[in-house]
Each structure stands twice: as structure tokens, then as C-alpha cells.
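Report on the structure given below.
The values are calculated or read from the model by the stated rules, or taken from the named source; none is laboratory data. Only a predicted model underlies this, so the values are computations on that prediction, with no experimental measurement involved. Neighbour counts run over all protein chains shown; Cβ positions are idealised from the backbone, glycine included. Just the protein is used for accessible areas: all its heavy atoms, side chains included, with ligands, DNA and RNA removed. Shrake-Rupley method; radii C 1.70, N 1.55, O 1.52, S 1.80 Å.
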Protein chains: 2
Amino acid sequence: MKRIAFLLLAAATAAGVVASTAPASGHPGEEASPIYGVTIPPGYRDWKLIAVKQLHFAGMGEQLRAQVGNDIAIKAFKEGTLPFPDGAIIAAIHWTQVTSEDNNKVLDVPFPGTKSFVVGSRVNVQFMVKDSKRYAATGGWGFADFTDSKPGDKALHET
Amino acid sequence: MKRIAFLLLAAATAAGVVASTAPASGHPGEEASPIYGVTIPPGYRDWKLIAVKQLHFAGMGEQLRAQVGNDIAIKAFKEGTLPFPDGAIIAAIHWTQVTSEDNNKVLDVPFPGTKSFVVGSRVNVQFMVKDSKRYAATGGWGFADFTDSKPGDKALHET
């Protein structure tokens, strides 16, 4: 039952993540990224999971990250199709990483000293859109970086 | 372009993850977990993402983890429905965490000293199945822990 208690706790923590990301789905007319003109794809938070990552910035804390893809991207991943077909979109969601004291208490019994980290607040979300004609100058990929549903400036997108 | 190069690199790394997890989908007749009789739900790797986590085991390395849910579970999360309705299933996929030297090289230019960690091999996958009648003795939740599509033993499921 301890294991189940831990999983339930994790699920309760996660509920906030799902709820807090709901408003980030795009609507027509929303602001587009500079240079590439990419808007937030509707429903991207419900896309299928590609991978998870962790990033440690020197002196700047840590992030937990998830990559999700639309159906075209997931199909290409599964079938090993390269280069990615036009229409493929990959989203990278970045959160701050925070310690979960609740998880640590439960885990400390079976695994003494274990530290559990969960997602905190959302930092930003990035989109890569494959369109070999429109984005021919940048290898066929368009790019966007949104914070609180607002795209970053031109300088950010030029990097 | 450096940012796009990094994202493409991340996507290439992820391709292995998606491909390597494909055979883990369940089929009728597969072995069920002791005590709870839970089998691997077909297509769970395509469920929607709930949250990502990182776990640091004292002296035992680190794991990156993702929780995904079936449609009933995702709906309950979004609408804040508690307790979870019968039929909800949450899957927790656990991978080893490894350093990505390729990512580090790209990231070191804009963010000197940044360390990037990606998923290595899959460790195990756990399922929590809500069935208030069948699992009344354990708070309405059944549990399963699979490694290489084989359920763990009775002792593991008793904890």
C-alpha cells in the first residue's frame, strides 16, 4: 500500500500540471512567433509523448522537460521516417524542477535518502514546425518560443 | 539555428525511445500481475501525458519518469474529479537517466556549463487501475509493475 500511496500522491501533484496547462491551447488569431510566423497549435498538450529530459543550467537551477508530437510527427518517429514529413510538429514543454517533500517522506521508508523531483511552474513551450518550402532557409523547420502564450522577441527567434 | 540544431538533436535521441517502447503494448493473454491480476493495457504508450518526474536514489543513480493516463483518467484530471472514476488507468514509465554529451556541446555555447540529461534504457512500467469493487481492499486501486513485459513477483506487489 505504500507504493500505491506514493503513486496516488504523484497523481495528485500532477493534477495541477494538467489543469494549469489547459489555457495554453491556441486559438486562431493568437500572436505568432517573429520570423517564422508560428502560432500555438490547438490541443498540443494532448499530443503523444516522445521523450522526457532534465536540464541543469550552471547556477540557474534545473528544468524538467517533455517533448510531445502531433500525429504526423509520432508516425514518423515510430516508422523511422527521415527527414520528417511536412506538417510534423514537435512541442517541447519546459517546467521548473522542484523537490517534493511529500514524495520524499513516502519514499524514504523503502529507499532511504531518495529525493523526488516534480515539475513546478511552466517556464516556456517551444514548437518546431516542418514545412520544407516555407522554411527552406532554415533546414525546413520553423520555430517558436512562447512564455505565458506570448511569443519571444525577434532576437530570441534569430538564435 | 543553434537552437533548432539542439531541438533536432533532442528529437533524434527521442526516436529511439518511441521505437524501443513499441513492443511493450499489451495483448490479451499476457501475464497478469500477482494479487491484482492487472495486464498491460494495449496502446498505453500513446496515452496523454500527465506529468514528468525525476528521482534520485541514494547511491543508486537517477531516473526520469513520465506518467500518462487513459481517456478516463485524463478527463478526471482536467475536470478535477475525485475520487477517480472506475476505469481510470495511470501508467508510470521509468527510464534510467543518462548524460547527453551531444546536447551538452550544443548548449555550452549559449549556456556555458549546462548539463543535459536524457532517458537511457527503460527500467520498468507501473499501472494503477481504478476499480472500486474489485480492489475495495486497497482503496479502489489495483497495481502492476512490469519489467520487460513481465510482472514482478508477489512480494513486490504486496508492498
Margin query: I need the phi-derived Karplus couplings for the stretch A:54-66: 6.51 cos²θ - 1.76 cosθ + 1.60, θ = phi - 60°, integer Hz, Gly and Pro marked x.
Written below: 10, 10, 10, 7, 4, x, 10, x, 10, 10, 9, 9, 10
Notebook entry, point to check: Where Lys and Arg each count +1 and Asp and Glu each count -1, what net charge lies around A:ASP86 among other residues with Cβ under 11 Å from its Cβ?
Noted result: +2
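At 1.4 Å probe size, with every protein chain present, just tell me what the per residue accessible area of the stretch B:66-120 comes to in Å². Please list the in-between numbers first.
Working: 2410 Å² over 55 residues.
Accessible surface, normalised per residue, equals 44 Å².
How many percent of the accessible area of the stretch A:53-159 is carbon or sulfur, using a 1.4 Å probe? Present the calculation step by step, with values, prior to reporting the outcome.
Details: 2760 of 4860 Å².
The C+S portion of the solvent-accessible surface of the stretch A:53-159 is 57 percent.
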Next item on the list: Compute the accessible area of each residue in the stretch A:73-90 twice, once for its chain alone and once with every protein chain present, using a 1.4 Å probe on heavy atoms, and list those whose area falls by at least 40 Å².
Entry: A:PHE77, A:LYS78
Note to self: Treating the point 7 Å from Cα along Cα-beta-carbon as the label, what are the nm separations from A:ASP153 to the other copies, to one decimal?
What the structure shows: 6.2
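How many square angstrom of accessible surface are buried between A and B, both sides summed, with a 1.4 Å probe and rounding to 100?
Numbers: alone 9620 and 9610 Å², together 14030 Å².
Counting protein atoms only, the buried area is about 5200 Å².
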Item checked: Inter-copy label distances at B:PRO112 (7 Å, Cα→Cβ; nm, one decimal) -> 4.2
Checklist line | Residue pairs, from the table B:LYS78/B:LYS130; A:LYS48/A:LYS150; A:LYS130/A:LYS154; A:LYS105/B:LYS105, whose Cα atoms sit over 26 Å apart | finding: A:LYS105/B:LYS105
Check: Can you list, shortest first in nanometers, how far B:PRO85 lies from the same residue in the other copies, with each label 7 Å from Cα toward Cβ?
Finding: 3.4
